[in-house]
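The values are calculated or read from the model by the stated rules, or taken from the named source; none is laboratory data. Model, not experiment: these values are computed from the prediction. Here the Cβ is made from the backbone with ideal geometry for all residues, glycine too, and neighbour counts use every protein chain on show. These area figures cover heavy atoms from the full protein model, side chains too; ligands, DNA and RNA do not enter into them. Shrake-Rupley method; radii C 1.70, N 1.55, O 1.52, S 1.80 Å.
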Amino acid sequence: MTTGRDEPAPPARGRRSVLFVCLGNICRSPLAQGIFEHLLEERGITGDFTVASCGIGHWHIGSPPDPRTVAVADQHGIRLRSRARQIDAAGDPARYELILGMDSRNVASLIRAGYPADRVGLFLGYLAADDPAAPREVPDPYDGDRDGFVRVHGLVRAGAEALLDEMLRTP
Ligand code: 4NP
C-alpha cells in the first residue's frame, strides 16, 4: 500500500448491481449471470457487485438452467449456479440499478409489470453503443437446436463484456 501524502484518497465505491431477465430464466439470463460473474471473478471484483437473473414467466421456478445452456457454459469454463425465479416488480427495483432484458418483449413485459423505465433496458444495448450494426436482441433458443445455444453464448459473452466495461467506466 502506498501512503504518499500527495495521493488523492481512492473514490468511495458503492456496490454495483444488475439483474438479467429473459422469458423462462433457464436459458439466456442464467447464462448472462454466469458469464458476468465469471468476468467479475477474472478481474477480482466479485465483491463489488450484486448479480442475479429472473424470468417473466413462472413455469420454471426453482429449476436449474436448461441442460443445453449448461453444456455450452461448461465448454467455456463457466459454472451456472442460479435457480429460476420470476420477476418481482415490488422488490427488484430497490435492489438493482440496472434491469436488463434479453429481448424487446422482455423489456416490454418489465415495463408493463411496473419496473421503472429509466433503469430497464436491452442487455445488448451496451454492445450497440460501440457498434451500431451489432445485434440488439438475444434470440430465444428454447425451441431450437444446439446451434441456437452456441449463438446465444457468443452474443451473451460479448454483451456481458460491453456491459461490464461500461459499468466500470461510469461509477
Ligand atoms: P429463456 O428461454 O427465456 O432464455 O430462459 C425459454 C425457456 C423456457 C420457455 C421459453 C423460453 N418456455 O416457454 O418454457
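Does Tyr96 satisfy being surrounded by 14 or more Cβ atoms within 10 Å (Cβ to Cβ), under 17 Å from the mean Cα position of the chain (by Cα) and among the aromatic types (Phe, Trp, Tyr)? Give the derivation first.
Working: surrounded by 14 or more Cβ atoms within 10 Å (Cβ to Cβ): yes; under 17 Å from the mean Cα position of the chain (by Cα): yes; among the aromatic types (Phe, Trp, Tyr): yes.
Judged against the criteria, Tyr96 is a match.
Only one of (1) near the ligand (Cβ under 10 Å from one of its atoms); (2) open to solvent by 60 Å² or more (accessible area, probe 1.4 Å); (3) touching a residue at least 60 places away in the same chain (Cβ under 8 Å) fails for Cys27. Which number is that?
With (1) near the ligand (Cβ under 10 Å from one of its atoms); (2) open to solvent by 60 Å² or more (accessible area, probe 1.4 Å); (3) touching a residue at least 60 places away in the same chain (Cβ under 8 Å) applied to Cys27, the lone miss is (2).
For the stretch 94-104, give me the residue count where each residue is of a type in the set (Ser, Thr, Tyr) and within 16 Å of the ligand (Cβ to nearest atom).
Of all residues in the stretch 94-104, those of a type in the set (Ser, Thr, Tyr) come to 96, 104.
Filter once more, keeping what is within 16 Å of the ligand (Cβ to nearest atom): 104.
Qualifying residue count, the stretch 94-104: 1.
Determine whether the stretch 121-138 contains at least one residue that is open to solvent by 40 Å² or more (accessible area, probe 1.4 Å), at pLDDT 95 or above and among the hydrophobic types (A, V, I, L, M, F, W, C).
Within the stretch 121-138, not a single residue is open to solvent by 40 Å² or more (accessible area, probe 1.4 Å), at pLDDT 95 or above and among the hydrophobic types (A, V, I, L, M, F, W, C).
Give the stretch 16-60 a look and list any residue that's outside any loop (DSSP other than H, G, I, E, B), out of contact with any Phe, Trp or Tyr (no Cβ under 9 Å at 6 or more places or on another chain) and closer than 18 Å to Arg79 by Cα, or say none.
Correct list: Gly34, Ile35, His38, Leu39, Glu41, Glu42, Arg43, Thr46, Gly47.
Taking the stretch 58-93, which residues are within 14 Å of the ligand (Cβ to nearest atom), over 17 Å from the mean Cα position of the chain (by Cα) and more than 22 Å from Leu155 (Cα to Cα)?
Residues satisfying the conditions are His58, Trp59, His60, Ile61, Gly62, Ser63.
Can you name every residue in the stretch 128-151 that is under 19 Å from the mean Cα position of the chain (by Cα), hydrophobic (A, V, I, L, M, F, W, C) and assigned to a loop (DSSP other than H, G, I, E, B)?
The answer is Ala134, Val138.
Against the conditions (1) assigned to a helix (DSSP H, G or I); (2) surrounded by 15 or more Cβ atoms within 10 Å (Cβ to Cβ); (3) more than 14 Å from the ligand (Cβ to nearest atom), where does Val107 fall short? Just the number, please.
Of everything listed in (1) assigned to a helix (DSSP H, G or I); (2) surrounded by 15 or more Cβ atoms within 10 Å (Cβ to Cβ); (3) more than 14 Å from the ligand (Cβ to nearest atom), Val107 misses just condition (3).
Looking at the stretch 140-156 only, could you name the residues that are surrounded by fewer than 18 Cβ atoms within 10 Å (Cβ to Cβ) and in contact (Cβ under 8 Å) with a residue 24 or more places away in the chain? Break it down into steps so the answer makes sense when it comes.
Taking the stretch 140-156 and keeping what is surrounded by fewer than 18 Cβ atoms within 10 Å (Cβ to Cβ), we get 142-148, 150-151, 154.
The answer is Tyr142, Arg146, Val150.
Which one of the conditions (1) at pLDDT below 95; (2) within 25 Å of the chain's Cα centre (by Cα) does Pro11 fail to meet, given that it meets all the rest?
Of (1) at pLDDT below 95; (2) within 25 Å of the chain's Cα centre (by Cα), only one is false for Pro11: (2).
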